[in-house]
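Participant: Sharing a structure here in structure tokens format.
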Amino acid sequence: MRFIRFMALVLAGVGVARAIASAKKKHAEGQPHKHGSDSPLVRIFAMVNRHVEWHRLPTPIALLNLLAFRIELREKNLHDTTPPYQGGTTTSRPEPHHLYWRDVDGKYNDLSNPRMGSTGVRFGRNVPIEHTFPEPEPALLTPSPRLVSRKLMTRDTFQPATTLNLLAAAWIQFMTHDWFNHGDNQPDNPLLVEVADDDPWFEKPMRIQRTAADTTRTPEEADRPPSYVNAVSHWWDASGIYGCDEATCAKVRSEVDGKLVVQGERLPTDPETGLAITGFNGNWWIGLGLLHTLFTLEHNSICDRLKQEYPSWTDDRLFNTARLINAALMAKIHTVEWTTAILGHPALQIGMRGNWWGLATERVNKLFGRFGEGEVISGIPGSPTDHDGVPFTLTEEFTAVYRLHPLIPDDIEIHSIYSGDLLKKMTFPDIANKNAATVIDDKVSVLDVLYSFGVANPGAIVLHNYPRFLQDIVTQTGQRVDLAAVDITRDRERGIPRYNQFRRLLHLRPYNSIDELTPNKQWAQELKEVYDNDIERVDLMVGMYAETPPKGFGFSDTAFRIFILMASRRLKSDRFFTTDFTPRVYTQAGMDWISDTDMTDILLRHYPELTGTLRGVKNAFAPWPKVS
């Protein structure tokens with residue numbers, strides 16, 4: 001039976017590989033870019049999905065359906081926000097080290113366009129540019145984002161996501177800090193948000209600073225929608241650990257054997273800010289501290305392995321090769337472990353592992369290596385680089401669907417790893433910003449904190465489960481904000497289509513009414529009151545939280561459509577995951593390290609005392625067994 005299933009998946013992969021090859025051939029011959037809908041696979045499943053949702057199909061057919069989605073999305077939902085006449089995207093000729101190492105600010109990943117994906121480059125779009133004009137005021141702020149926050153987001157009772165642990169919540173913030181950052185907001189000319197008379201908010205109207213302006217725009221773009229630039233590189237390069245500028249990178253390096261600075265098992269603290277010294281320490285809390293420390297220690301272990309294998313290597317070569325390996329390890333863990341933990345559908349268990357290993361599976365890949373250059377059978381790593389005809393960037397829509405703040409609990413309990421006894425109970429502000437450094441003390445060890453994160457659940461990503469403390473929080477820059485209201489405002493300000501239009505532009509069926517959106521009668525009534533019973537006015541974030549997700553999913557099918565597209569694109573466009581994912585660049589020792597390591601291995605490498613706790617745990621982001 002297993003063999004039959006395996007062969008069915010391989011044959012499906014061959015069919016999809018041919019469809020992709022045919023599409024690329026048409027593109028190379030100059031045929032129109034919108035040819036994805038010409039694929040028989042896309043047309044067939046477009047008809048099927050009118051009657052049966054993809055996640056209700058048998059697993060092999062559902063997997064084929066997902067691949068059809070990806071073909072169509074790659075053809076229709078990648079849009080460059082830089083106009084052709086702007087040009088000037090090249091820099092000086094690459095130095096020899098650019099061929100083998102990641103540049104600190106993301107330049108020279110694509111050697112033909114060295115600035116592609118680097119810091120200061122615009123976010124792209126997943127919806128056509130003409131649909132990204134923000135609404136004019138007052139429609140932009142209607143209904144009031146503060147009203148949306150209070151009436152639809154406020155956590156009444158903590159609703160847990162029982163298939164995940166709290167490390168999974170910390171992990172996604174650890175990743176998003178590496179992916180996107182719009183920089184410091186504009187302090188002048190804030191957006192003025194209406195606040196109700198019975199609202200206890202301290203100022204009326206609420207002032208929300210606008211997103212930093214794009215200084216790369218030209219006068220010729222006056223009639224184009226707003227654009228925004230990324231303050232970190234768009235590549236999956238672990239910049240959260242290493243930084244995106246030379247000054248930050250120099251601060252985290254020890255300059256000895258390629259290693260990063262650590263003090264015992266903790267990151268050093270900046271005496272001026274009280275925060276950990278690392279690549280990015282914004283929105284800091286103990287969960288980020290655990291993961292930044294863990295992967296700093298992992299970097300240093302990789303350096304030890306490389307030094308053993310290549311004793312004559314310089315500090316620079318050890319550092320940059322270890323960074324490549326560490327970044328690839330994070331990408332692999334996110335692809336095959338975090339994603340499969342939060343998206344529990346059987347097709348996703350195969351599909352996400354297939355992104356890394358191919359449908360031929362990890363075991364076959366390790367035994368026999370790649371079968372040709374195609375990504376479907378043997379995975380994206382090691383396949384040819386391909387931007388699908390559009391320069392690589394992350395997108396505003398990608399940013400929007402990763403608004404996952406309900407994962408965060410309001411309170412944290414720290415239990416003993418040995419007895420299970422409660423050692424501390426803290427509110428989230430007690431473990432955030434400067435306070436994160438005070439959690440571990442003579443009473444609480446890092447093992448206790450790791451164990452407590454492993455056994456605790458994050459929040460479910462649904463309405464009425466937004467952390468209350470985030471609805472009135474003072475940021476590191478001293479601003480008092482309602483982050484839920486800010487999230488709603490950011491999507492509208494940046495021209496993210498509202499929920500139903502977003503679905504249309506991603507080839508999903510729009511809902512005819514609010515009652516059709518959610519079976520929860522209370523939610524439906526509240527949505528009608530807030531949005532004047534108009535499904536077309538529902539905000540994207542609200543609709544995604546209200547939507548019933550596929551079985552086993554931790555977030556909505558609407559958000560998942562962006563994920564189908566961008567999860568593979570972040571790998572496929574990066575030459576360090578494709579053309580240059582080779583022993584020549586990574587070393588054979590590095591390739592073996594990536595292949596043989598998962599999240600549990602990393603935890604046990606640096607905290608072997610977790611061995612008993614993690615025994616039998618198949619995925620480190622799933623709940624760990626509790627000490628009896």
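The values are calculated or read from the model by the stated rules, or taken from the named source; none is laboratory data. Since we're looking at a predicted model, the values are computed, not measured. So basically every Cβ, Gly included, is an ideal-geometry build from the backbone, and we count neighbours across all protein chains shown. Just the protein is used for accessible areas: all its heavy atoms, side chains included, with ligands, DNA and RNA removed. Shrake-Rupley method; radii C 1.70, N 1.55, O 1.52, S 1.80 Å.
A quick yes/no check of all residues on (1) open to solvent by 40 Å² or more (accessible area, probe 1.4 Å); (2) of a type in the set (S, T, N, Q); (3) without any contact (Cβ under 8 Å) to a residue 60 or more places away in the chain; (4) on the phi < 0 side of the Ramachandran plot:
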site: 196; (1), (2), (3), (4): yes, no, yes, yes
site: 219; (1), (2), (3), (4): yes, no, yes, yes
site: 223; (1), (2), (3), (4): yes, no, yes, yes
site: 231; (1), (2), (3), (4): yes, no, no, yes
site: 247; (1), (2), (3), (4): yes, no, yes, yes
site: 251; (1), (2), (3), (4): yes, no, yes, yes
site: 259; (1), (2), (3), (4): yes, no, no, yes
site: 264; (1), (2), (3), (4): yes, no, yes, no
site: 295; (1), (2), (3), (4): no, no, no, yes
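Participant: Here are the criteria: (1) among the polar types (S, T, N, Q); (2) farther than 29 Å from residue 508 by Cα; (3) modelled with pLDDT under 90; (4) buried (at least 16 other Cβ atoms within 10 Å of the Cβ). Tell me which single one residue 89 does not satisfy.
Facilitator: The number of the failed condition is (4).
Participant: Please go through the stretch 124-138 and pick out each residue that is within 22 Å of the chain's Cα centre (by Cα) and more than 18 Å from residue 506 (Cα to Cα).
Facilitator: Selection gives nothing.
Participant: Give me the pairs: first residue in the stretch 93-111 and in contact (Cβ under 8 Å) with a residue 40 or more places away in the chain and under 20 Å from residue 243 (Cβ atoms), second residue of a type in the set (Ser, Thr, Tyr) and open to solvent by 20 Å² or more (accessible area, probe 1.4 Å), beta-carbon distance under 8 Å, and six or more apart or on different chains, which are they?
Facilitator: Every condition considered, the pairs that remain are 105/119; 106/119.
Participant: Filter the stretch 575-590 down to the residues that are surrounded by fewer than 20 Cβ atoms within 10 Å (Cβ to Cβ) and either within 27 Å of residue 168 (Cβ to Cβ) or among the charged types (D, E, K, R) (or both) and list them by number. Can you show your working first?
Facilitator: Taking the stretch 575-590 as the starting set, the residues that turn out to be surrounded by fewer than 20 Cβ atoms within 10 Å (Cβ to Cβ) are 575, 579-580, 582-585, 587-589.
Selection gives 575, 580, 584.
Participant: Moving on. Test residue 444 against the stated conditions and say whether it is of a type outside the set (Ser, Thr, Tyr) and closer than 26 Å to residue 610 by Cβ.
Facilitator: yes
Participant: Further, regarding this structure: Determine whether the stretch 342-354 contains at least one residue that is open to solvent by less than 20 Å² (accessible area, probe 1.4 Å) and within 28 Å of residue 428 (Cα to Cα).
Facilitator: yes
Participant: Could I ask something else about it? What pairs can you find where one residue is in the stretch 506-534 and farther than 26 Å from residue 398 by Cα and in a helix (DSSP H, G or I), the other is polar (S, T, N, Q) and open to solvent by 80 Å² or more (accessible area, probe 1.4 Å), and their Cβ atoms are less than 7 Å apart, with a gap of 6+ or different chains?
Facilitator: Between residues of the stretch 506-534 that are farther than 26 Å from residue 398 by Cα and in a helix (DSSP H, G or I) and residues that are polar (S, T, N, Q) and open to solvent by 80 Å² or more (accessible area, probe 1.4 Å), there is no close pair.
Participant: Please go through the stretch 159-194 and give me each residue that is more than 30 Å from residue 239 (Cβ to Cβ) and open to solvent by less than 80 Å² (accessible area, probe 1.4 Å), ordered by number.
Facilitator: Answer for the stretch 159-194, where residues must be more than 30 Å from residue 239 (Cβ to Cβ) and open to solvent by less than 80 Å² (accessible area, probe 1.4 Å): 159, 160, 193.
Participant: Could you grab me the full set of residues in the stretch 130-140 that are open to solvent by less than 20 Å² (accessible area, probe 1.4 Å) and either more than 29 Å from residue 464 (Cα to Cα) or outside any loop (DSSP other than H, G, I, E, B) (or both)?
Facilitator: Within the stretch 130-140, 140 is the sole residue that qualifies.
Participant: Follow-up question, since we're still on this one. Would you call residue 255 open to solvent by 60 Å² or more (accessible area, probe 1.4 Å) and either in contact with a helix residue (DSSP H, G or I) (Cβ under 7 Å, 6 or more places away or on another chain) or over 30 Å from residue 81 (Cβ atoms) (or both)?
Facilitator: Working: open to solvent by 60 Å² or more (accessible area, probe 1.4 Å): yes; either in contact with a helix residue (DSSP H, G or I) (Cβ under 7 Å, 6 or more places away or on another chain) or over 30 Å from residue 81 (Cβ atoms) (or both): yes.
The answer is yes for residue 255.
Participant: Can you go through 201, 171 and tell me which one is of a type in the set (Phe, Trp, Tyr), at pLDDT 95 or above and touching an Asp or Glu at 6+ places or on another chain (Cβ under 8 Å)?
Facilitator: Answer to the selection: 201.
Participant: Would you confirm, using the coordinates I've provided, whether residue 337 is in contact with a Phe, Trp or Tyr (Cβ under 9 Å, 6 or more places away or on another chain), modelled with pLDDT of 90 or more and among the acidic types (Asp, Glu)? Step through it out loud before you land on a result.
Facilitator: Values: in contact with a Phe, Trp or Tyr (Cβ under 9 Å, 6 or more places away or on another chain): yes; modelled with pLDDT of 90 or more: yes; among the acidic types (Asp, Glu): yes.
Taking the combined requirement at face value, the residue satisfies it.
Participant: Check whether at least one residue in the stretch 274-295 is closer than 24 Å to residue 584 by Cα and at pLDDT 95 or above, and report yes or no.
Facilitator: Yes - at least one qualifying residue is present in the stretch 274-295.
Participant: Would you mind stating whether residue 334 is in contact (Cβ under 8 Å) with a residue 60 or more places away in the chain and touching a Pro at 6+ places or on another chain (Cβ under 7 Å)?
Facilitator: No: the conditions fail for residue 334.
Participant: Does the stretch 36-58 hold any residues that are open to solvent by less than 30 Å² (accessible area, probe 1.4 Å), at pLDDT below 85 and under 28 Å from the mean Cα position of the chain (by Cα), and which are they?
Facilitator: Once the filter is applied, which keeps residues that are open to solvent by less than 30 Å² (accessible area, probe 1.4 Å), at pLDDT below 85 and under 28 Å from the mean Cα position of the chain (by Cα), the stretch 36-58 yields only 36.
Participant: So which residues in the stretch 112-129 are open to solvent by 50 Å² or more (accessible area, probe 1.4 Å) and either of a type outside the set (D, E, K, R) or free of Cβ contacts under 8 Å to residues at least 24 places away in the same chain (or both)?
Facilitator: The answer is 112, and nothing else.
Participant: Here are the criteria: (1) touching a Lys or Arg at 6+ places or on another chain (Cβ under 7 Å); (2) open to solvent by 40 Å² or more (accessible area, probe 1.4 Å); (3) more than 22 Å from residue 218 (Cα to Cα). Tell me which single one residue 75 does not satisfy.
Facilitator: Answer for residue 75: the failing condition is (2).
For (1) over 19 Å from the mean Cα position of the chain (by Cα); (2) β-branched (Val, Ile, Thr), each residue gets a yes or a no:
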position: 362; (1), (2): yes, no
position: 366; (1), (2): yes, no
position: 395; (1), (2): no, yes
position: 403; (1), (2): no, no
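Participant: Residue 420 - would you say it is in a loop (DSSP other than H, G, I, E, B) and closer than 30 Å to residue 451 by Cβ?
Facilitator: Taking the combined requirement at face value, the residue satisfies it.
Participant: Exactly one condition in (1) open to solvent by 10 Å² or more (accessible area, probe 1.4 Å); (2) touching a residue at least 60 places away in the same chain (Cβ under 8 Å) is not met by residue 300; state its number.
Facilitator: Evaluating residue 300 over (1) open to solvent by 10 Å² or more (accessible area, probe 1.4 Å); (2) touching a residue at least 60 places away in the same chain (Cβ under 8 Å) leaves (2) as the failure.
Participant: Follow-up. Could you tell me whether the stretch 326-336 includes any residue that is more than 22 Å from residue 570 (Cβ to Cβ) and open to solvent by 10 Å² or more (accessible area, probe 1.4 Å)?
Facilitator: Looking through the stretch 326-336, none of the residues is more than 22 Å from residue 570 (Cβ to Cβ) and open to solvent by 10 Å² or more (accessible area, probe 1.4 Å).
Participant: Go through the stretch 468-494 and report how many residues are open to solvent by less than 10 Å² (accessible area, probe 1.4 Å) and more than 20 Å from the chain's Cα centre (by Cα).
Facilitator: 3
Participant: For the stretch 423-441, give me the residue count where each residue is without any contact (Cβ under 8 Å) to a residue 12 or more places away in the chain and in a helix (DSSP H, G or I).
Facilitator: Looking only at that region, the number is 2.
Participant: I need the full set of residues from the stretch 540-551 which are within 24 Å of residue 71 (Cα to Cα) and assigned to a loop (DSSP other than H, G, I, E, B), in order please.
Facilitator: Within the stretch 540-551, 549, 550, 551 qualify.
Participant: Mind listing whichever residues of the stretch 405-417 are within 23 Å of the chain's Cα centre (by Cα) and assigned to a loop (DSSP other than H, G, I, E, B)?
Facilitator: 408, 409, 410
Participant: Can I ask one more? Out of all the residues in the stretch 359-402, which are open to solvent by 30 Å² or more (accessible area, probe 1.4 Å) and of a type in the set (D, E, K, R)?
Facilitator: Scanning the stretch 359-402 gives 362, 363, 366, 370, 373, 386.
Participant: Can I ask one more? What about residue 545, is it buried (at least 21 other Cβ atoms within 10 Å of the Cβ), touching a helix residue (DSSP H, G or I) at 6+ places or on another chain (Cβ under 6 Å) and not acidic (Asp, Glu)? Walk me through how you get there before you give the answer.
Facilitator: Values: buried (at least 21 other Cβ atoms within 10 Å of the Cβ): yes; touching a helix residue (DSSP H, G or I) at 6+ places or on another chain (Cβ under 6 Å): no; not acidic (Asp, Glu): yes.
No.
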